[in-house]
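Undergrad: A single structure is presented below for examination.
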Amino acid sequence: MDRYALAEGQALLGNGRAAAALEFAGMGGRFRCNSTLAISTSGAEMPLKVDGKRRKWRTSLLLEAGQELVVGHCLSGVYGYLHMQGGIDCAPVLGSRSSHIMAGIGWIPRADECLCPRAAGASGMGKSLPTPAYFGERKVRILRGPQTKLFSPHDVAALTETTFSISWSRNRIGARLDSEGHPISADVGVKLVSAPIVAGDLQVSANGKITALLADCQPMGGYPRIATIVSADLHKFVQLQSGAEFKLAWSTLDEALEARRSLRAEILRLAQRAGPAQPQSLSSESLLCHSLISGVVKGDEDEID
């Protein structure tokens with residue numbers, strides 16, 4: 001769902017782009033480590049604890065055999081990721097280690113199953129990345145498409161004049177947009193035949209409601225699409241929490257292509273940006289992990305000006 005976040009965790013461990021990770025939607029889980037294991041976390045900010053002690057999110061760390069890892073509910077964003085050194089070991093299906101839950105394609109981990117890394121080692125431990133700025137953005141850029149002209153000028157103009165929010169009716173296939181405005185005229189779809197669909201398409205159903213199609217969307221559809229979210233903004237959109245308000249803004253094709261090039265370049269720089277993890281707070285737990293005094297004194301030394 002969030003390819004930028006996926007790349008963050010891979011960069012922290014030095015994994016290749018094809019390495020499989022575990023995606024959390026809204027909440028994480030509880031894990032028991034069977035052996036020494038290098039992991040990293042990325043994406044939506046989620047409380048992270050190892051044996052009850054708070055650890056910083058968006059870092060790489062080493063787990064020891066017997067330790068318990070607990071990932072809580074999202075504090076910001078929606079989709080978080082757990083990565084292992086070399087990626088999660090699972091059998092490829094159609095050349096990919098990803099899974100499509102509703103279609104039952106690929107390996108779908110269940111409770112009490114074992115997640116195994118594809119590589120051993122502990123390279124790049126203790127690295128971290130800063131929280132990306134897009135978690136606070138509330139503007140999503142869109143492109144006109146072949147079916148935009150089928151809608152009335154009023155409906156097209158309303159897209160950028162209306163304040164939308166993400167509905168609670170959402171999953172990896174799509175997310176419905178809520179607004180206080182009038183429904184979009186849906187009679188343009190009466191004579192349409194099925195056509196190819198891409199992630200980011202804003203589909204208008206028969207009741208005039210808009211649904212943003214996402215990573216697991218169908219390849220074909222007959223509902224008209226009034227616009228498409230630019231690919232460089234899709235990761236920002238999917239991390240908007242339900243109820244969060246945002247605005248749409250028109251983009252040109254040249255602007256969208258440049259945004260995609262910039263995003264790809266930013267992803268390639270993630271490995272260089274990863275630096276030593278800093279303590280997340282001055283709590284007693286974090287203070288005890290660091291040497292704050294390099295020597296001792298008796299207290300009765302002569303005063304020095």
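The values are calculated or read from the model by the stated rules, or taken from the named source; none is laboratory data. Since we're looking at a predicted model, the values are computed, not measured. When we count neighbours, we look across all protein chains shown, and the Cβ atoms used for this are built from the backbone with ideal geometry, even at glycine. Areas reflect the complete protein model, heavy atoms only, side chains present, ligands, DNA and RNA absent. Shrake-Rupley method; radii C 1.70, N 1.55, O 1.52, S 1.80 Å.
Undergrad: Please list, ordered by chain and number, the residues whose modelled amide H lies under 5 Å from the amide H of Gly174; skip anything fewer than 5 residues away on the same chain.
TA: Leu214
Undergrad: What nm value, rounded to one decimal, do you get for the distance between Gln241 and Asn207 when each label is placed 7 Å out toward the C-beta?
TA: Computed distance between label sites Gln241 and Asn207 equals 2.6 nm.
Undergrad: Sticking with this structure for a sec: If a paramagnetic tag sat 7 Å from the Cα of Lys149 along the Cα-Cβ line, which residues of the stretch 218-236 would have the backbone N under 19 Å from that point?
TA: 224-228
Undergrad: Let me ask something else. For Ser35 and Lys56, what is the calculated FRET efficiency with R₀ set at 25 Å and r taken between the beta-carbons, to the nearest 0.05?
TA: Details: r = 23 Å, r/R0 = 0.92.
It comes to 0.60.
Undergrad: Please compute the per residue accessible area over the stretch 204-263 with all protein chains in place, 1.4 Å probe, rounded to a whole number of Å². Show your work: numbers first, answer last.
TA: Working: 2460 Å² over 60 residues.
Dividing the accessible area of the stretch 204-263 by its residue count gives 41 Å².
Undergrad: How large, in percent, is the carbon and sulfur part of the accessible surface of the chain at a probe radius of 1.4 Å? Mind dumping the intermediate values first?
TA: Details: 9300 of 17110 Å².
Here it works out to 54 percent.
Undergrad: Related question: To the nearest Å, what is the center-to-center distance of the stretch 220-272 and the stretch 63-102, using C-alpha atoms only?
TA: When both Cα centres are located, 24 Å separates them.
Undergrad: Name the long-range amide H neighbours of Thr59: under 5 Å, sequence gap of 5 or more, or other chain; modelled H, no Pro or chain starts.
TA: Thr41
Undergrad: Once amide H atoms are placed 1.01 Å from N in the peptide plane, what residues at a sequence separation of 5 or more from Met46, or on another chain, have their amide H within under 5 Å of its amide H?
TA: Here the answer is Leu75, since their amide H atoms fall under 5 Å of that of Met46.
Undergrad: Calculate the translational D of the stretch 1-70 in whole µm² s⁻¹ from Stokes-Einstein, where the hydrodynamic radius comes from the Kirkwood formula applied to all Cα pairs, the temperature is 20 °C and the viscosity 1.002 mPa s. Walk me through the numbers before you get to the answer.
TA: Numbers: Rh = 12.6 Å.
Calculated translational D: 170 µm²/s.
Undergrad: Starting from the Cα of Cys114, step 7 Å along the direction of its Cβ; do the same at Val193; then give the gap between the two resulting points in nm.
TA: 5.3
Undergrad: What share of the DSSP beta bridges in the stretch 117-264 is antiparallel, in percent to the nearest 5?
TA: Numbers: 21 of 25 bridges.
Percentage antiparallel, nearest 5: 85.
Undergrad: So how do 94-104, 229-239 stack up, highest first, on mean other-Cβ count within 10 Å? Intermediate results must be reported in sequence, preceding the final value.
TA: Details: 94-104: 12.0, 229-239: 22.9.
Descending packing order for the listed peptides: 229-239, 94-104.
Undergrad: So, one more: Explain nothing, just compute: Karplus ³J(HN,Hα) = 6.51 cos²θ - 1.76 cosθ + 1.60, θ = phi - 60°, for every residue of the stretch 22-31 in order, whole Hz, x for Gly and Pro.
TA: Per residue, the Karplus-derived 3J(HN,Hα) values read 9, 9, 9, 10, x, 8, x, x, 10, 9 Hz.
Undergrad: Related question: Note the full-extension length gain between Met27 and Gln67 as 0.36 nm times their separation in residues minus their Cα-Cα distance, in nm to one decimal. Could the numbers behind the result be given before it?
TA: On the way: separation 40, 0.36 × 40 = 14.40 nm, distance 2.01 nm.
Going from the current span to full extension adds 12.4 nm.
Undergrad: To continue, here is another question. With 22 Å as the cut-off, how large is the P(r) tail for the stretch 152-225, expressed as percent of Cα-Cα pairs?
TA: Details: 537 of 2701 pairs.
Tail of the P(r) past 22 Å holds 20 percent of the pairs.
Undergrad: Let me ask another. Give the range of the longest stretch in the chain that excludes all GluC sites (Glu not before Pro) found in loop regions by DSSP and having at most 16 other beta-carbon atoms within 10 Å.
TA: Looking at the chain, 181-300 is the longest stretch - no exposed GluC sites (Glu not before Pro) with at most 16 other Cβ atoms within 10 Å.
Undergrad: Next question. How are the C-alpha pair distances of the chain spread across 20 Å bins, as whole percents from the shortest bin up?
TA: 29, 49, 17, 3, 1
Undergrad: Moving on to the next point. Take peptides 259-265, 73-79 and line them up by average Cβ neighbours within 10 Å, highest first, as a rough protection proxy.
TA: Highest-to-lowest ranking by the protection proxy: 73-79, 259-265.
Undergrad: Can you give the relative contact order of the chain as a percent, counting alpha carbon pairs under 8 Å and 6+ residues apart? Can you show the working numbers first?
TA: Values: 614 pairs, mean separation 58.1, N = 305.
Reported relative contact order: 19 percent.
Undergrad: Find how much the distance from Arg17 to Trp168 grows on full extension, using 0.36 nm per residue of separation minus their present alpha carbon separation; answer in nm with one decimal.
TA: 51.3 nm
Undergrad: Calculate the all-directions average of the projected area of the stretch 1-123's alpha-carbon convex hull, and give it in nm². Each step should come with its number before you reach the end.
TA: Numbers: hull surface 28.4 nm².
Averaging across all directions leaves 7.1 nm² for the Cα convex hull.
Undergrad: Moving on to the next point. For Trp250, what accessible surface area do you get with a 1.4 Å probe? Give it in Å², rounded to 10.
TA: Around 70 Å² of this residue is reachable by solvent.
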